[in-house]
1. Are any residues in region 153-211 in a helix (DSSP H, G or I) and among the β-branched types (Val, Ile, Thr), and if so, which ones?
2. Within region 237-267, which residues are of a type in the set (Phe, Trp, Tyr) and modelled with pLDDT under 90?
3. Which residue is modelled with the lowest pLDDT, if the candidates are limited to region 353-397 and must be over 30 Å from ILE317 (Cβ atoms) and surrounded by fewer than 22 Cβ atoms within 10 Å (Cβ to Cβ)?
4. Would you call LEU254 more than 16 Å from LEU44 (Cα to Cα) and either within 22 Å of the chain's Cα centre (by Cα) or of a type in the set (A, V, I, L, M) (or both)?
5. In region 358-378, what residues are of a type in the set (Phe, Trp, Tyr) and under 14 Å from the mean Cα position of the chain (by Cα)?
6. Find all pairs meeting these conditions: Cβ atoms under 6 angstrom apart; at least six residues apart or on different chains; first residue within region 40-65 and under 23 Å from GLN172 (Cα atoms) and in contact (Cβ under 8 Å) with a residue 24 or more places away in the chain; second residue of a type in the set (Gly, Ala, Ser) and buried (at least 18 other Cβ atoms within 10 Å of the Cβ).
7. Only one of (1) at pLDDT below 85; (2) under 30 Å from LEU316 (Cα atoms) fails for ILE158. Which number is that?
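The values are calculated or read from the model by the stated rules, or taken from the named source; none is laboratory data. From a predicted model like this one, the values you see are computed outputs, not experimental measurements. Quick reminder, even Gly has a Cβ in these numbers, built from the backbone with ideal geometry, and neighbours come from all protein chains shown.
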Amino acid sequence: MPNNGVATGGLSWVRDITRYQWMVFLVAWLGWSLDNTDFNLFALVLRPALTELLGGNPPIAEIGRVGGILSMVGLLGWALGGFCFGVVGDYIGRVRTLALSVVMVAIFTALQGFSQGPVVFGICRFFTGVGTGAELVVGIPLVAEAFAEAQRAKVLGIMMTGGGFGSLLGGQLYALVGPYGWRYVLFAGVLPALILLLIRRGMEEPERFQAAHARRQALKSASDISDEDRAFLSFAPKQLFNRQNRYSTMVGVLFCLGSLLAIWTSQIWLPTIQGQVLARSGIGGPAAVPFIGHGMMLWGLGGILGYSAFGFVADLIGRRPTIVLYSLGTIASGLYLYLGAEDYSLYPVMLPVFGFFVFGVFSGHAVYLPELFPTHVRATAVSFCNGSGRVITSFGPLVAGLLAAPFGGDFAKATSVMTCFAALSIVAMALGRETKDDALPD
């Protein structure tokens, strides 16, 4: 059965969305916004924070080394949190798991602002990553199951615009609070987590999860079960490598690895790159803050358009061709931005184009991955594919930071190397199966 719903013209399908579905959409959207707000704020304050924490006048190579380590630590925490909370989400529910993660984000984001040295900052960064790792991997199956029968791809793509709005919000918070110091920027970053925690109160689990959970509970108390039921009850991560799921798991990991390597190195170092480009034009210090904040907002706006368009394009031409299109766009626009723009005049033009592709392909995580796996392991599968990619990706910002030294301190050249790893997503689509006209697996 095609999964593009019964409504056919324009935006008429929006009228069929129920109050519960709107609430699920909003919670998942805010969760993904929180993810990107947190990482965007971290990237924006990274250089001023390390300048203070490393003694006031560290060389650029030291900032690159320590900044890369801190970025790696945060991404490792995100990978661990995403994987652990994904498994938990398949057992206790998506909504309850999301609430636990948001509390962790709020606490450790604030504690980052109180750090007095890079070690404490790194510890807080790790546990902030653990908390933020849950929002997307729990939100994706939550929305996929709530919109299982109609307009799934479109809604999931629009839900992913939270990532672009997170960058937009982070850029605006930095522009407003940044002049007062990097610590106040991190304190302000607690607010989205608190808002999300309040909104999700009282929300129920999707019917598909409730049915899978009820089956699991009934089978646990049964005296005699079939081999199929026994396989259903086995530990969720183990099921990702059975005959039914292991090929999809491999494709999902490779897809996530390519898109994550391309995005997170830029996410971490793009503010620093903009600062270096501006410095070549004689704009530095506090005078550069509005330019950098505005640039990150343009990047986020491009991402919003890319996220939104993905589901519509995927319903039109298929999931795999759309992911290939976005990955090629990421490589082409990223290389032109980092290697072809010699001054800042091209940045306001190229940042939204780059953002469209490099952010927008993440809608493929939300649209394509849930369609590869059954309900009872869906959160585990999404979290494993993302988490495995994040573990390897966590070294991307560190590698770029270390490459900056042999490139003469030029973070743009180092980051351009990592952007090319989007080609791995293209390889994944060559290996994967098309799911455009498939129903969401039960």
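1. Filtering region 153-211 for residues in a helix (DSSP H, G or I) gives 153-159, 161-180, 182-188, 191-199, 207-211.
Within region 153-211, VAL155, ILE158, THR161, VAL177, VAL185, ILE195, ILE199 qualify.
2. If we filter region 237-267 for residues that are of a type in the set (Phe, Trp, Tyr), which is where we start, we get 241, 247, 255, 264.
The answer is TRP264, and nothing else.
3. Pass one, region 353-397, residues over 30 Å from ILE317 (Cβ atoms): 376, 391, 394-395, 397.
If we keep only those that are surrounded by fewer than 22 Cβ atoms within 10 Å (Cβ to Cβ) as well, we get 391, 395.
On the way: VAL391: 77, PHE395: 70.
Ranking the qualifying residues of region 353-397, first place goes to PHE395.
4. Details: more than 16 Å from LEU44 (Cα to Cα): yes; either within 22 Å of the chain's Cα centre (by Cα) or of a type in the set (A, V, I, L, M) (or both): yes.
When the stated conditions are applied, LEU254 passes them.
5. Step one: list which residues in region 358-378 are of a type in the set (Phe, Trp, Tyr), which gives 359, 362, 368, 373.
Scanning region 358-378 gives PHE359, PHE362.
6. Qualifying pairs under 6 Å: ASN40/SER167; ASN40/GLY170; LEU41/GLY170; LEU41/GLY189; LEU46/GLY67; LEU50/GLY67.
7. Looking at each condition in turn, ILE158 falls short on (1).
Residue-by-condition table, conditions (1) buried (at least 17 other Cβ atoms within 10 Å of the Cβ); (2) over 30 Å from ARG125 (Cα atoms); (3) of a type in the set (Phe, Trp, Tyr); (4) in contact with a Phe, Trp or Tyr (Cβ under 7 Å, 6 or more places away or on another chain):
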{"residue": "PRO141", "(1), (2), (3), (4)": "yes, no, no, no"}
{"residue": "GLU149", "(1), (2), (3), (4)": "no, yes, no, no"}
{"residue": "ILE195", "(1), (2), (3), (4)": "no, no, no, no"}
{"residue": "SER221", "(1), (2), (3), (4)": "no, yes, no, no"}
{"residue": "ASP227", "(1), (2), (3), (4)": "no, yes, no, no"}
